[in-house]
There are 2 protein chains.
Amino acid sequence: MAQEQKKLVEAITAMEDDFAQWYTDIVKKADLIDYSSVKGCTVLRPYGYAIWENIQKDLDRRFRETGHENVYMPLFIPESLLQKEKDHVEGFAPEVAWVTHGGDEKLSERLCVRPTSETLFCEHYSNIIQSHRDLPKLYNQWCNVVRWEKTTRPFLRSREFLWQEGHTAHATAEEAREETVRMLNVYADFCRESLCIPTVKGRKTDSDKFAGAEATYAIEALMHDGKALQAGTSHYFGDGFARAFDITYTDKDNTLKYVHQTSWGVTTRLIGGVIMSHGDNNGLVLPPAVAPVQVVILPVAQHKEGVLEKARELKERLSRSFRVKLDDSDNSAGWKFSEYEMKGVPLRLEIGPKDIENGQCVLVRRDNREKSFVKLDGLETAISSLLSDISSSMYEKALKNLNDRTYSCLTADEIKSVLAEKGDGFIKAMWCGSEDCENKVKELTGAGSRCIPFEQEILSDKCVCCGKTANTMIYWGKAY
Amino acid sequence: MAQEQKKLVEAITAMEDDFAQWYTDIVKKADLIDYSSVKGCTVLRPYGYAIWENIQKDLDRRFRETGHENVYMPLFIPESLLQKEKDHVEGFAPEVAWVTHGGDEKLSERLCVRPTSETLFCEHYSNIIQSHRDLPKLYNQWCNVVRWEKTTRPFLRSREFLWQEGHTAHATAEEAREETVRMLNVYADFCRESLCIPTVKGRKTDSDKFAGAEATYAIEALMHDGKALQAGTSHYFGDGFARAFDITYTDKDNTLKYVHQTSWGVTTRLIGGVIMSHGDNNGLVLPPAVAPVQVVILPVAQHKEGVLEKARELKERLSRSFRVKLDDSDNSAGWKFSEYEMKGVPLRLEIGPKDIENGQCVLVRRDNREKSFVKLDGLETAISSLLSDISSSMYEKALKNLNDRTYSCLTADEIKSVLAEKGDGFIKAMWCGSEDCENKVKELTGAGSRCIPFEQEILSDKCVCCGKTANTMIYWGKAY
């Protein structure tokens, strides 16, 4: 083997030693991203981008099934437009990128690069909505947005990121509220079914609401290290934006009314969630539904007669049902094993002279390394069933992590000691509803409020902080 | 019918009266776009964006079949990075949007919003290409770009637009040249097969090359009004960018060599091309391959028993094979006919009580209004065959327009008189190769050089301008 072929798959930092470094190692060594010369703006390489494309396809189907249509809004928001809704501009102005010049000319008004597109959708809705017959408007957009973050990490917090943003307008508050929850459920279903990630659904406290929202709902996932990841949000706006942008319709009774609006979004951050939910010390472990390669075929003793032919035949055959890659390069078997473990390919298919003789192949699962000998007749059925088993196991494992690391506490001191003894996780605790207590808990324990879960439990009748009457259970935790 | 339901489909300006206004009317009244408050940045509405999504899907398949992978590069290019290739920055700096502030802070270096991403791909390629084994790199990106144009028109010239940009790196000049032409052919095939638009393939003159390219190739289409539309370009860079960005690889002989590169792109401008190639005075005429709705079902006398049920049954059945919409609103039949003509839906399916009795329906073609009665048994086959006929007819009609409006001229005076007598079109004429003559012809006649077609003819041995020896035939014309 020539010198340059002896490329080795470098080992990554163990997650127990340094979780942040483990994460960064995977992101780089699984060829997901490359850094660019602009801080917080990364290159999504083919393997990383393909995961996003699969996420897109899956979610897009779910959006269409719930009646949504795709549109594309401009990248730029004039400063005066951004300022129309007071809370919104206060929330976003500090973190937007400003365009001040076009070529050599100074612009008469600064334009911000969209950090989110509520204002643009509102401007458009005020143009196109006149009658109750124009409602609801159920729009979604796939695009890039920019937020000038101080600290950045690939996928988790970047200055430019890819996302989808749904923006809907409804005749009544009730319909809009229903939409808000419907889309949160779509996100939770997607995370469970396609990313194998369990989430807690709930409402954000008022201090944590989206800028301009009446209520913000979120799904919260728990990573390997016990930190929470907000995986998707859905906002109910009431008629606040409609009043600011004058979006009205003539109702059946011939009166003019304001529309009620929602918005909801998920981002490339989900890829970070996949890494930290499923990855291990050998690299990525990808959910079959979004894996760019579901089955990698590795010929064994490929110089022997008939092996490569059989491998190619299998590649062609299986490609009709799955996303398949054949690696017939002259890299060593050991290198190939490591490489596709690093890349998290759900199933490895090995086929050598003896297998061919026996009309079988070897299938090895990425998630638990289980090996099985499978007949080539009916191979598709076996692979389908294995991929489905892998999904279930991955979900169960992630759910166990979430359950094992969710603790109930009655006092702030108890939160502190649980976090100190058991490490990070979700803390369920009662809350009186005051922002003071919310802040104090965070100050004392480092764990902020994640959400007020839809599934409430009565752990006690006293606030974990002030001891006064409390009716609300909150999930607390440290978060990405 | 209530007052508000009596919405009429407003007539559009006739193209013979005012072609530009006809175009703008269609763009607005077929619900393709809405204007935003930033000049040159438009909203792509669901119907307009769906055309782009269909173009994307089709082209993306063709790119994959030719071995390309999708990636995503950052939106921002630092000024110093843009400046690395001299010709490139000279071409683009005058028309880029500059970001100077992030939140309240002034950036230490200005960032331009990508007008095109050669510099970003080059930076990335210099990171990831080391050996001949890393080549070729065949990448493509779907994204938005920004060019600060002075004059703007929806789809044809906008400050922000959507496009794809392929960027490839190869071991040899020959391979890169082959790629350049391969992708031009992919574009031409796509235009012919999916957009029903014939194009002339050729090379741009040196004065019309892409900034930083050694050679630029283009496909040129001819619109209804006889003006040319550059529909796609493919650039050969040689090793110019590789030298500027130090993109080298170790070859098999162990020497360090520069890569050779290409880039190629098409944009949402193609939608403008579809409008101006096929549209008529009743609105859009969409090629079946990219039409968001291929068949619109209009129930006739829908209040009569069984009609709506049958229409819904057909909608469900046909949706398995086609993109189908059922309009069972209570708008009048006349309104519906006009509306879906305006929107360019290739086939209208009418079904009423008598049709149901006879086990048939009525199919009406948008392109030539031909009506046929078709049995419900085997309806799918009939629709497939009609859609395919529509595509062929649309292509033939556009080809006839191109051929009828292509003239051969031997002198500049002849060009002037042909344009004056017959209106705009393509002028084939010989050229000596000097930029002076190229400029002079444009000055004298208003027709610039469009391309040096691959299919050369010898019309004479003299330049149309200076009369000196000429070996090159050029297509001249006015262009969008």
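The values are calculated or read from the model by the stated rules, or taken from the named source; none is laboratory data. These figures come from a predicted structure and were not determined experimentally. Positions of Cβ are backbone-derived with ideal geometry, glycine not excepted, and every protein chain shown enters the neighbour counts.
Some observations on this one:
- The condition of being more than 23 Å from B:Ser393 (Cβ to Cβ) and not polar (S, T, N, Q) holds for only one of B:Ala218, B:Ala231, that being B:Ala218.
- Verdict on A:Asp253 being out of contact with any His (no Cβ under 9 Å at 6 or more places or on another chain), of a type in the set (Asp, Glu), more than 22 Å from A:Lys400 (Cβ to Cβ) and within 14 Å of chain B (Cβ to nearest Cβ): yes
- The residues of the stretch B:28-44 that are surrounded by fewer than 21 Cβ atoms within 10 Å (Cβ to Cβ), farther than 16 Å from B:Glu149 by Cβ and at pLDDT 95 or above, listed by number, are B:Lys28, B:Lys29, B:Asp31, B:Asp34.
- B:Val38 passes every criterion in (1) more than 10 Å from chain A (Cβ to nearest Cβ); (2) in a loop (DSSP other than H, G, I, E, B) apart from (1).
- Looking only at the stretch B:102-140, and only at residues there that are under 23 Å from B:Phe161 (Cα atoms) and part of a helix (DSSP H, G or I), the one that is farthest from the chain's Cα centre (by Cα): B:Cys122
- Filtered residue count, the stretch A:227-250, keeping only those that are in contact with a strand residue (DSSP E or B) (Cβ under 8 Å, 6 or more places away or on another chain) and in a loop (DSSP other than H, G, I, E, B): 3
- Checking the stated criteria, B:Val285 turns out not to satisfy the condition of being in the same structural domain as B:Ala333 (by TED's automatic domain parsing), closer than 25 Å to B:Ser329 by Cβ and among the hydrophobic types (A, V, I, L, M, F, W, C).
- In the stretch B:360-384, of all residues being surrounded by fewer than 17 Cβ atoms within 10 Å (Cβ to Cβ) and acidic (Asp, Glu), the one that is nearest to B:Gly279 (Cα to Cα) corresponds to B:Glu370.
- Complete set of residues in the stretch B:49-75 that are touching a helix residue (DSSP H, G or I) at 6+ places or on another chain (Cβ under 7 Å), surrounded by 20 or more Cβ atoms within 10 Å (Cβ to Cβ) and more than 8 Å from every other protein chain (Cβ to nearest Cβ): B:Ile51, B:Ile55, B:Leu59
- The listed residue being assigned to a helix (DSSP H, G or I), buried (at least 19 other Cβ atoms within 10 Å of the Cβ) and acidic (Asp, Glu), out of A:Glu350, A:Glu341, A:Glu357: A:Glu341
- Residues of the stretch B:287-331 that are in contact with a Phe, Trp or Tyr (Cβ under 7 Å, 6 or more places away or on another chain) and either in a helix (DSSP H, G or I) or β-branched (Val, Ile, Thr) (or both): B:Val295, B:Val296.
- Neighbours by Cβ (under 6 Å, 6+ apart or cross-chain): first from the stretch A:100-117, in the same structural domain as A:Val145 (by TED's automatic domain parsing); second crowded, with 19+ Cβ neighbours inside 10 Å and small (Gly, Ala, Ser): A:Gly102/B:Ala97; A:Val113/A:Ala97
- Put simply, of B:Thr151, B:Thr180, B:Thr168 the only residue that is part of a strand (DSSP E or B), more than 10 Å from chain A (Cβ to nearest Cβ) and hydroxyl-bearing (Ser, Thr, Tyr) is B:Thr168.
- Flag not set for B:Asn254, criterion: of a type in the set (S, T, N, Q), surrounded by fewer than 20 Cβ atoms within 10 Å (Cβ to Cβ) and within 17 Å of the chain's Cα centre (by Cα).
- Residues of the stretch A:55-80 classified as closer than 18 Å to A:Glu123 by Cβ and hydrophobic (A, V, I, L, M, F, W, C), total: 5
- A:Lys304 meets all of the listed conditions (1) under 30 Å from A:Asp189 (Cα atoms); (2) modelled with pLDDT under 95 but one, namely (1).
- Residues that are buried (at least 16 other Cβ atoms within 10 Å of the Cβ) and in a helix (DSSP H, G or I), drawn from the stretch A:76-101: A:Leu81, A:Leu82, A:His88, A:Val89, A:Gly91, A:Phe92, A:Ala93, A:Glu95
- Among the residues making up the stretch A:133-143, those that are buried (at least 18 other Cβ atoms within 10 Å of the Cβ) and either farther than 18 Å from A:Met183 by Cβ or more than 10 Å from chain B (Cβ to nearest Cβ) (or both) are A:Leu135, A:Pro136.
- Being modelled with pLDDT of 95 or more, at positive phi and not hydrophobic (A, V, I, L, M, F, W, C) is a condition met by no residue of the stretch A:148-156.
- Residue-level check: of (1) under 21 Å from B:Asp253 (Cβ atoms); (2) at the interface with chain A (Cβ under 9 Å from one of its Cβ atoms); (3) crowded, with 16+ Cβ neighbours inside 10 Å, B:Val146 misses just (1).
Residue-wise test of (1) hydroxyl-bearing (Ser, Thr, Tyr); (2) touching a Leu at 6+ places or on another chain (Cβ under 6 Å); (3) free of Cβ contacts under 8 Å to residues at least 40 places away in the same chain.
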| site | (1), (2), (3) |
| --- | --- |
| B:Ala215 | no, no, yes |
| B:Leu222 | no, yes, no |
| B:Ser234 | yes, yes, no |
| B:Gly240 | no, no, no |
| B:Arg243 | no, no, yes |
| B:Asp246 | no, no, no |
| B:Gly265 | no, no, no |
| B:Ser277 | yes, no, no |
| B:Asp280 | no, no, no |
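- Matching entry among A:Asp246, A:Asp239 (being charged (D, E, K, R), closer than 27 Å to A:Gly202 by Cα and in the same structural domain as A:Leu162 (by TED's automatic domain parsing)): A:Asp239
- Residue satisfying all of: in the stretch B:199-225; hydroxyl-bearing (Ser, Thr, Tyr) and part of a loop (DSSP other than H, G, I, E, B); farthest from B:Gly272 (Cα to Cα) among these: B:Thr205
- Taking the stretch B:362-383 as the range and being closer than 14 Å to B:Arg317 by Cα and either in contact (Cβ under 8 Å) with a residue 60 or more places away in the chain or over 35 Å from the mean Cα position of the chain (by Cα) (or both) as the test, the residues that pass are B:Leu376, B:Asp377, B:Leu379, B:Glu380, B:Ile383.
- Per-region count, the stretch A:41-75, residues assigned to a loop (DSSP other than H, G, I, E, B) and either under 13 Å from A:Val186 (Cβ atoms) or touching a residue at least 24 places away in the same chain (Cβ under 8 Å) (or both): 8
- Selection count where residues are free of Cβ contacts under 8 Å to residues at least 24 places away in the same chain and in contact with a strand residue (DSSP E or B) (Cβ under 6 Å, 6 or more places away or on another chain), scope the stretch A:443-477: 1
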